[in-house]
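Read the structure below first, then the notes.
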Amino acid sequence: MKITPETKKVYELFPIQGKRCYAIPTYQRNYSWKNEQIEQLFTDVLEEGRGYYIGNLLVTDSSDKDAFDVIDGQQRLTTISLFYLAMAHELKEYKRQPSIKDDEDLCDEIAGKIQDIKRQLRLPGCQEPRISLLPHDQKIYRDLMESVLSTKKDQVKRWGNRILSRRYEFICSLFEEVLTTPRELLDYSDKLNELEVLQIEVPDIGDAFNVFSSLNSKGLPLTLIDLLKGEFISVGSNGAGSAEKVLAQWEKLTELFAAQDADADNRLVTQFLLNNYDAFEGTGSAITKGRALSEYRKVIKEHYHNHEDYLDILLLRAKAFAQLTGNAANEMDDHTLEVKIAALQKLESTQALPLLLFLFVNKKELGIVDYLVNIADMLISFYVRRNITLTPKSSNIRSFMLSTLREIREQNLRGQDVVKVVCDALVAHSASDEIFAASLDEGIYDKNKKTTRYVLIDIERRKGHSPLFNKQHPDSLDDFKVKKNGKNHPRWSIEHILPEGSLPSYWCSMIAPGEEQDAGEIQSEHVHRLGNLTLTPYNSELGQKPFYCEDDPEQKSKRDYKAPDNGEYVGLRSGLFLNRSIADEAAGEALENKETWTVEDIDRRNEILKRYVLELYKVPEVNSAE
């Protein structure tokens, strides 16, 4: 059997010139990567150094030296092509902005990059994609490419719940949220081009399956976790006892990140190891997976040289990390603090994990046991403001969090001095009240859905005391339900009063009377604003229903919709505090009599809810931390 292994850069797999192309054989499965796998690859490209190795690409050759069948690696290859496509889309959007047009050099660079991506994704001399997916995916893939790479403004067809389409939308959201300037996009493109794969080329399908079976005979490839486990056994068993003892300690650590009757989640264990290094061992920038093994080798040897059982130390820290990430089997001693940490998890505050881990593990030595709730409150306000204003950039948050952590460590701070340093750092990097208020006048749902949901629930609980809920009907705002696909979904979801999607004629007439042709533009400007949002456990049933319907209102209108099983109001008259402001009570309106929902209503309600948000999530005050 002839096997030809060769290291390739991604730009060689997607060359600007040349006819290199790939086909996914019919026996392969369709595109199936989930958001977690996509985000991990996206983050690896962002955080790791240039030339980062991302895995193998197993292909068979053919009579055409430039054409390959992909046996293993099609998910990664397809995802990379979607990354290129999303970058082209974002760069086209920037190119249209007046501020960019004034910078001729940048404009030329953007135009050049878009042309490069077009040539990387298409075969020369035709419009055919360089990758041929299975028919189920290829129609969507062609449509996406035509939409983004044509000279017209992107007009992507709706493909419903088809996986490839939904994953592409998720990829676009990553690029839009994390890479917020043209320069960041251009730099990311350069790093993507420099990624490395090991291409393994074999003559035919029989040989390919032999190689594939051999590569996967022991399950997944060796990971950072596997390698560190071996390092602990090698070093730790000499200084701390037998290999069996070390292995038992290691299993206790990894079991902290395992669901019931399941293996440890390697992603969570890796996340812990990286955050542990940044919190306790690092002195510079954040550790990457590429550097982690070599750096941990030094740490492990140093601890065991000093007769310290480093696995015991790691186990204590891992228990704290499991609590901070919501993976612990046991509850925290302080219920209020547990609620605050759960809030930070919902606000996607992973950049703060090294700082929180350091503070939690050392809370007694630092003298901050009584201040942890205060610190958590400050972080909650910071993240709500950050996720709505997108200030500071996501890529800068971890850096200043690590700087704050190191200031506490190096200056040996204690008690209120620790709180003040954290507070000062958050104040220095928080958006101002003016910027926050201005952002609350714009759409917020399309910026960060999870934060929007958190804010709506928080308003309901803290401003309205949830009048809907009582002893007979306990608060269920954080409850989950299991759908048919086996995944947990929030019982309560966000409802757009003026709905998303193509508007029926009755909505067009309501928001643009006499000018129905402008309804779509009005909708796009106002649909995601705070004033147009509420919560409901019946989102799919309300959908495009009119605000009020005289004909069968209990089933056909959002205002009066009732649950078929018990006849209770579950539409806008559900009893939520949030829904009281739908009617203009100051003008004598009552929700049960209100028949219209207009832009003026959205503006009025937005002002009411904005005041609540500004009050609940103030910039941390230095004086209050003392």
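Scanning segment 594-613 for residues that are farther than 16 Å from PHE547 by Cβ and surrounded by 15 or more Cβ atoms within 10 Å (Cβ to Cβ) yields a count of 6.
Any idea which of (1) among the polar types (S, T, N, Q); (2) surrounded by fewer than 16 Cβ atoms within 10 Å (Cβ to Cβ); (3) in a helix (DSSP H, G or I) is the one THR79 doesn't satisfy? With respect to (1) among the polar types (S, T, N, Q); (2) surrounded by fewer than 16 Cβ atoms within 10 Å (Cβ to Cβ); (3) in a helix (DSSP H, G or I), THR79 is out only on (2).
Taken over segment 366-407, the criterion of being without any contact (Cβ under 8 Å) to a residue 40 or more places away in the chain and farther than 22 Å from THR452 by Cβ is satisfied by VAL369, ASP370, LEU372, VAL373, ASN396, PHE400, SER403, GLU407.
Among (1) among the small types (Gly, Ala, Ser); (2) under 28 Å from ALA512 (Cβ atoms); (3) not in a helix (DSSP H, G or I), where does GLY575 come up short? Checking GLY575 against (1) among the small types (Gly, Ala, Ser); (2) under 28 Å from ALA512 (Cβ atoms); (3) not in a helix (DSSP H, G or I), the one that fails is (2). Set side by side, the residues GLU90, GLU39, GLU12 differ, and just one is in the same structural domain as PRO135 (by TED's automatic domain parsing), in a helix (DSSP H, G or I) and more than 21 Å from the chain's Cα centre (by Cα), which is GLU12.
Yes/no matrix, rows are residues, columns are (1) among the hydrophobic types (A, V, I, L, M, F, W, C); (2) within 30 Å of GLY443 (Cα to Cα); (3) buried (at least 19 other Cβ atoms within 10 Å of the Cβ):
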site	(1), (2), (3)
ASN327	no, no, no
ILE341	yes, yes, yes
GLU365	no, no, no
ILE380	yes, yes, yes
ASN387	no, yes, yes
LEU402	yes, no, yes
ASP417	no, no, no
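Residues that are among the charged types (D, E, K, R): find the helices (runs of 4 or more DSSP H) completely inside segment 261-332 holding 3 or more of those. Step through it out loud before you land on a result.
Working: elements: 266-276, 289-305, 310-324.
Of the helices (runs of 4 or more DSSP H) lying wholly inside segment 261-332, those with at least 3 residues that are among the charged types (D, E, K, R) span 289-305, 310-324.
Filtering LYS118, LYS65, LYS95, LYS113 for residues that are of a type in the set (Lys, Arg) and farther than 25 Å from GLN138 by Cα leaves a single hit, LYS95.
Here is a yes/no grid of residues against (1) closer than 18 Å to SER349 by Cβ; (2) surrounded by fewer than 19 Cβ atoms within 10 Å (Cβ to Cβ); (3) in the same structural domain as LYS340 (by TED's automatic domain parsing):
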| site | (1), (2), (3) |
| --- | --- |
| SER399 | yes, yes, yes |
| GLU410 | no, yes, yes |
| ALA431 | yes, no, no |
| THR452 | yes, no, no |
| ASN470 | no, yes, no |
| SER476 | no, yes, no |
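Within segment 541-552, the presence of a residue that is modelled with pLDDT of 90 or more, in the same structural domain as PHE469 (by TED's automatic domain parsing), assigned to a helix (DSSP H, G or I) and under 14 Å from TRP597 (Cα atoms) is excluded. Across segment 6-54, the qualifying residues are those that are surrounded by fewer than 17 Cβ atoms within 10 Å (Cβ to Cβ) and among the β-branched types (Val, Ile, Thr), and the one among them that is modelled with the lowest pLDDT is THR26.
The values are calculated or read from the model by the stated rules, or taken from the named source; none is laboratory data. No experiment lies behind these values; they were computed from the predicted model shown. We place every Cβ from the backbone using ideal geometry, glycine too, and count neighbours over all the protein chains shown.
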